[in-house]
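Novice: Here it is: the structure, laid out below.
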Amino acid sequence: MTGLKDELRRMIAADGPITVERYMALCLGHPVHGYYTRRDPFGAAGDFVTAPEISQMFGELIGLWAVETWRLMGRPRPLALVELGPGRGTLMRDLLRAARVDPDFSDAVRVQLIETSPLLRQAQQRALGGSAVPIAWHERLPQAPVGPAIVVANEFFDALPVRQFVRAERGWCERLVGLGPDGGLAFGLFGEPESGLTVAGRSGDVLERPEAALGLAGEIAGLARTGGGAALVIDYGYEGPALGDTLQAVRRHAYADPLAEPGAADLTVHVDFAKLAAAATAEGAAVHGPVTQGAFLRGLGIETRAAALKRRATPAQAEDVERALARLTGAGPDGMGELFKAICIADPALPPPPGFAAPEVAA
Ligand code: SAH
């Protein structure tokens, strides 16, 4: 049994069931037992692999995207380069290296990393230790105006807790985590239906309300609009409207029961890009995309970059590059190309940034 499971059972026995949103927040961010608080989940030996960990090409292309977007912004100095949930710091390291093509960009950049996990902050410090650009860490997006900013978030929004509602006879009732007859954690429902939820649904349907994600999308939109910047959000998700329970637990590269090992398995939800876009436009920002990750990376020239890497590679390395390209851009269950989407929240005064220029229809 995990330490968090004990604590949750005590908490629920004393104060009653908690919302799925609170459960997810505690599993991921509990100060002692939280998933991200106590472990580095990435890589073959961990629980899952993210795009920047698959290949340096991912961060490099986002570096070129950032330079080009900065030029579209009129090359402001200083530029806040903000990353939400930087993981091991790999994306930022590859981004900054590729961005050296324009020394003025490197000169203008002030990096701000938004990270709650002390363990991952250390990993980020190691990855970025040799960097010449100034780097600062924050718990959350600065509330004060930061001026012109470029924001990057890869696989971050999927870690933000959602509220879930289940359709019952009496209406949409909030889904809770309580204790089952055997004393273990079990899903349940709040007695009273949620007022103001009028979406049609059939008995048992699940509706997700990603309040933290929508709040953050609004904040980013405000930042982009007032500072004249842009944010790139990449994640797996769908374009709503959709009903369904997307809460999933992953441990050692396999799906797990979300209630089985709180704090020991990663918990994520699928990102509803339509809702994110609506929250951003409500704050006066322009939204480009979503486009599929495959289309986005191809638009930035990933095939040319892969060919260049292969020319300098051993046959085994060339195979790795080819495999990474297929993984990052490919369709189907093993590829991230169609499952993952990219969206850009930007100052409406900016032309569409690279990768979003052509009208795209997301799959
Ligand atoms: N972007 C990285 C890591 C994705 S995992 C990559 O692509 O590899 C999610 C990251 O977000 C981790 O670094 C985790 O510690 C951080 N994180 C999760 N919830 C957070 C929150 N509420 N505030 C700040 N960081 C958070």
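Novice: How high is the relative contact order of the stretch 216-267, in percent, with contacts defined as C-alpha pairs under 8 Å that are six or more residues apart?
Specialist: Working: 28 pairs, mean separation 11.3, N = 52.
About 22 percent, as a whole number.
Novice: What is the chain's relative contact order, in percent, from Cα pairs under 8 angstrom and six or more apart in sequence? List each step's numbers first, then the result.
Specialist: Values: 741 pairs, mean separation 69.2, N = 363.
Relative contact order here is 19 percent.
Novice: Taking only protein heavy atoms into account and a 1.4 Å probe, give the accessible area per residue of the stretch 44-128 in Å². Kindly include the intermediate steps, with their values, before the conclusion.
Specialist: Numbers: 3070 Å² over 85 residues.
With all protein chains present, the stretch 44-128 gives 36 Å² per residue.
Novice: How much length is gained on full extension from ALA357 to PHE190, taking 0.36 nm per residue of separation minus their Cα-Cα distance? Intermediate values should be presented prior to the final figure.
Specialist: Numbers: separation 167, 0.36 × 167 = 60.12 nm, distance 4.56 nm.
That pair, ALA357 and PHE190, stretches by 55.6 nm at full extension.
Novice: Then there's this: Given a Förster distance of 41 Å, report the FRET efficiency between THR281 and ALA45 from their Cβ-Cβ distance, rounded to the nearest 0.05.
Specialist: According to the calculation, E is roughly 0.50.
Novice: Here's another thing I want to ask about it. Where nothing but the Cβ of Lys and Arg (+1) and of Asp and Glu (-1) is charged, how large is the charge dipole of the chain around its Cα centre, in debye to the nearest 20?
Specialist: The calculation lands at about 860 debye.
Novice: Oh, and also: If you find the alpha carbon centre of the stretch 282-336 and of the stretch 115-157, how far apart are they in angstrom?
Specialist: Centre-to-centre (Cα) distance: 24 Å.
Novice: Here's something else I'd like to know. Counting only DSSP beta bridges with both residues in the chain, what percent are antiparallel, rounded to the nearest 5?
Specialist: Details: 33 of 55 bridges.
Around 60 percent of the beta bridges assigned by DSSP in the chain are antiparallel ones.
Novice: Modelled label-to-label distance, GLN143 and ASP104, 7 Å Cα→beta-carbon offset: nm?
Specialist: Going by the 7 Å Cα→Cβ label model, 3.7 nm.
Novice: Still on this structure: How much of the accessible area of the stretch 29-103, in percent, comes from carbon and sulfur atoms when a 1.4 Å probe is used? Let's see the in-between values first.
Specialist: Numbers: 1390 of 2650 Å².
The value for the stretch 29-103 is 53 percent carbon and sulfur by accessible area.
Novice: Given GLY299, GLN125, TYR238, which one lies farthest toward the positive end of the charge dipole of the chain, if we put +1 on the Cβ of every Lys and Arg and -1 on the Cβ of every Asp and Glu?
Specialist: Of GLY299, GLN125, TYR238, it is GLN125.
Novice: Would you compute, from DSSP H runs of 4+ residues alone, the mean residue ellipticity of the chain at 222 nm, taking -39500 (n - 2.57) per run and dividing by the full residue count, rounded to the nearest 500? Can you show the working numbers first?
Specialist: Values: 13 runs with 133 residues, N = 363.
After summing the helix terms and dividing by the residues of the chain, the value is -11000 deg cm²/dmol.
The values are calculated or read from the model by the stated rules, or taken from the named source; none is laboratory data. Quick caveat: nothing in here was measured; it's all calculated off a predicted structure. So basically every Cβ, Gly included, is an ideal-geometry build from the backbone, and we count neighbours across all protein chains shown. Note: areas computed on protein heavy atoms with side chains; ligands, DNA, RNA excluded. Shrake-Rupley method; radii C 1.70, N 1.55, O 1.52, S 1.80 Å.
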